[in-house]
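The values are calculated or read from the model by the stated rules, or taken from the named source; none is laboratory data. Remember, it's a predicted structure, so these values are computed and weren't measured experimentally. So basically every Cβ, Gly included, is an ideal-geometry build from the backbone, and we count neighbours across all protein chains shown. SASA here: full protein model, heavy atoms, side chains in, ligands and nucleic acids out. Shrake-Rupley method; radii C 1.70, N 1.55, O 1.52, S 1.80 Å.
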Amino acid sequence: MMLEGLDYAKELDKVDSLRHFREEFYIKPGTIYMDGNSLGLLSKRAEKTLLESIEDWKEFGIDGWTQGKHPWFFMAEELGKKLAPLVGASAEEVMVTGSTTVNLHQLVSTFYKPEGLRTKILADELTFPTDIYALQSQLRLHGYDLDTHLIRVKSRDGRFLEEEDMIEAMNDDIALIILPTVLYRSGQILDIKRLTTEAHNRGILIGFDACHSVGAIPHSFSEWDVDFAFWCNYKHLNGGPGGVGGLFVNRKHFGKIPGLAGWFGSKKEKQFDMEHTFTPAHSAASFQIGTPHILSAAPLIGSLEIFTEAGIENIRQKSLKLNQYLIELVENELKDMGFFIGTPREDMRRGGHISLEHEEAARICKSLKENGIIPDFRAPNIIRFAPVALYTSYEEVWSVVQILKRIMKDKQYEKFENEREIVA
Ligand SMILES: *Cc1c(COP(=O)(O)O)cnc(C)c1O
């Protein structure tokens with residue numbers, strides 16, 4: 001017998017090999033959390049390693065740098081080691097430090113070396129605003145005109161980018177390319193390997209913003225020969241609000257002097273010689289700046305253990321199934337209600353979330369919240385849903401669509417203003 005509706009969802013949950021991880025997370029009773037791509041939930045293990053680090057502070061004071069459960073002096077390096085498999089890199093190529101925006105500044109100030117006619121930076125018109133602001137300020141520091149020097153590849157439909165268009169824009173005047181791995185609105189995955197190869201064929205360095213892919217999909221940054229990448233750990237990696245970010249630097253660039261140097265980028269054994277001559281670490285560690293943000297790095301220790309246990313390939317497989325299920329439900333249950341799925345259909349092209357477009361999106365989101373569902377709104381018309389492999393069940397995905405259907409049928413959203421809130 002074919003199972004339908006709720007029974008089918010329950011059956012999928014029953015045979016899901018990752019389902020036990022859900023119990024490790026704090027999920028507020030009566031709510032369905034669909035926003036793990038913006039802020040991942042707290043796990044008990046992340047809480048534990050944070051509390052252990054606070055205990056180390058209580059117990060050891062200054063000696064916590066080298067003693068205690070998670071000695072602070074080596075924490076960033078230890079975390080880099082654990083994170084490396086998630087981005088397909090060796091331990092020395094990955095560092096847990098800074099934040100996305102700070103790491104972008106660090107890497108651009110290191111790798112953007114305008115020379116002769118090669119003076120421009122290539123990005124795209126759909127990218128996250130902070131990336132654009134950072135690139136503009138880097139150009140300004142070099143005294144360049146922003147309009148002529150920041151090239152933004154256009155989207156043909158406002159949702160997706162075509163690799164061909166980006167390759168066509170890789171001209172002789174481009175010094176550096178910065179692109180997202182996964183687009184934050186539509187969830188499109190770019191062909192990182194192809195773009196990297198094409199950039200290198202033209203003598204251009206290329207770096208990626210991996211905020212929306214780290215922890216959701218596997219990467220092979222080393223194998224693809226990507227020059228560098230940067231990301232935040234508070235989205236799919238559940239590291240906590242505003243927690244420390246991450247960066248990847250290809251080993252072929254080890255030894256480059258960081259654009260923004262600081263003493264924590266020193267070779268570990270030299271750092272406390274306190275010399276005025278900077279001896280950078282021969283690894284991605286050299287891109288650290290000052291004292292690590294221990295208390296925001298500590299939850300990641302526990303969180304990354306979960307990823308190691310679950311395996312990123314398994315996480316990806318479940319994420320694809322959850323998202324596919326969501327797309328099918330939307331197509332079947334929400335017909336003629338004004339929704340448009342603004343996310344690629346092919347698995348290869350889709351990251352960890354689904355983008356549902358609707359002209360009433362802002363107030364539909366408010367209505368969803370009133371019904372216990374936590375979505376994510378992106379102006380002007382996008383509802384993002386991220387069913388997360390580690391803690392979202394198929395049953396929840398089923399419920400989300402049923403509740404959404406009810407909201408639309410009863411026009412429950414009409415009692416709200418169709419405007420975003422201060423944080424959307
Ligand atoms: C979330 C996100 C950021 C945020 O950067 P922060 O420095 O952590 O505030 C940047 N870029 C992208 C693509 C993001 O999704």
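3J(HN,Hα) couplings calculated from phi for region 123-135 with the Karplus curve 6.51 cos²θ - 1.76 cosθ + 1.60 (θ = phi - 60°) are, in sequence order, 9, 9, 7, 9, 6, 5, x, 4, 5, 5, 4, 5, 5 Hz; Gly and Pro show x. This model, with +1 at the C-beta of Lys and Arg and -1 at the C-beta of Asp and Glu, gives the chain a dipole about its Cα centre of some 320 debye. Taking the C-alpha atoms only, the angle from helix 361-370 to the longest principal axis of the chain is near 80 degrees.
Summing charges over all other residues whose Cβ lies under 15 Å from the Cβ of VAL15, with Lys and Arg as +1 and Asp and Glu as -1, gives +1. A helix-only calculation puts the chain at -11500 deg cm²/dmol for mean residue ellipticity at 222 nm, using -39500 (n - 2.57) for each DSSP H run of at least four residues, averaged over all residues. 3J(HN,Hα) along region 317-327: 4, 5, 4, 4, 5, 4, 5, 4, 4, 4, 4 Hz, from the Karplus curve 6.51 cos²θ - 1.76 cosθ + 1.60 with θ = phi - 60°, whole Hz, x for Gly and Pro. Other residues lying with their Cβ under 15 Å from the Cβ of ILE121 contribute a combined charge of -4, Lys and Arg counting +1, Asp and Glu -1.
Given a 1.4 angstrom probe, what's the average accessible area per residue across region 48-309, in square angstrom?
41 Å²
Accessible surface of ILE374, taken over heavy atoms with a 1.4 Å probe and every protein chain present, rounds to 40 Å².
Most simply put, the chain has about 55% antiparallel DSSP beta bridges, counting only bridges with both residues inside it. Take every pair of alpha-carbon atoms less than 8 Å apart whose residues are at least six positions apart; their mean separation over the length of the chain yields a relative contact order of 22 percent.
For the chain, the longest principal axis of the alpha carbon atoms and the long axis of helix 100-111 meet at an angle near 40°. Return the carbon/sulfur percentage of the accessible area of region 228-281, one whole number, probe 1.4 Å, all protein chains in place. Ligands and nucleic acids excluded, carbon and sulfur give 57 percent. Here the Gaussian network model covers the chain, with springs between Cα atoms less than 10 Å apart; of PRO29, PRO292, PRO85, PRO29 fluctuates the most.
Using the Karplus relation 6.51 cos²θ - 1.76 cosθ + 1.60 with θ = phi - 60°, the per-residue 3J(HN,Hα) values for region 229-245 come to 8, 8, 6, 9, 9, 9, 8, 5, 8, 6, x, x, x, x, x, 4, x Hz, with x marking Gly and Pro.
Seen from ALA389, the other residues with C-beta closer than 15 Å to its C-beta sum to a net charge of -3, counting Lys and Arg as +1 and Asp and Glu as -1. Based on alpha carbons, the Rg and Dmax found for the chain are 22.2, 75 Å. If the elastic network links every pair of Cα atoms under 10 Å, which of ASP191, ASP147, ASP347 fluctuates the most in the Gaussian network model of the chain? Looking only at ASP191, ASP147, ASP347, the largest GNM fluctuation is found for ASP147. Quick one: which of LYS81/LYS120; LYS81/LYS267; LYS48/LYS318; LYS193/LYS256; LYS10/LYS335; LYS113/LYS252 span more than 28 angstrom between C-alpha atoms? Over 28 Å apart, Cα to Cα: LYS81/LYS120.
Projecting the Cα positions of ASN171, SER186, PRO375 onto the charge dipole of the chain (unit charges on Cβ atoms of Lys, Arg, Asp and Glu, taken about the Cα centre) puts PRO375 furthest along the positive direction. When the chain is treated as a GNM with alpha-carbon contacts under 10 Å, the residue of PHE111, PHE248, PHE340 showing the greatest mean-square fluctuation is PHE340. For THR66, the accessible surface of its heavy atoms amounts to roughly 90 Å² (probe 1.4 Å, protein chains only, rounded to the nearest 10).
Rolled with a 1.4 Å probe across the full set of protein chains, the surface gives HIS200 an accessible area near 60 Å². Around the amide H of ILE206, modelled in the peptide plane, lie the amide H atoms of ILE177, ASP227, PHE228, all under 5 Å away and 5 or more residues distant in sequence or on another chain. For LYS366, the aspartates and glutamates whose Cα falls under 13 Å of its own Cα, not counting residues fewer than eight places away in the same chain, are ASP376, GLU414, GLU417, GLU419, GLU421.
Dipole of region 48-309 computed with +1 at Lys/Arg Cβ and -1 at Asp/Glu Cβ about the Cα centre; of THR49, ASN233, GLY246, farthest Cα towards the positive end is THR49.
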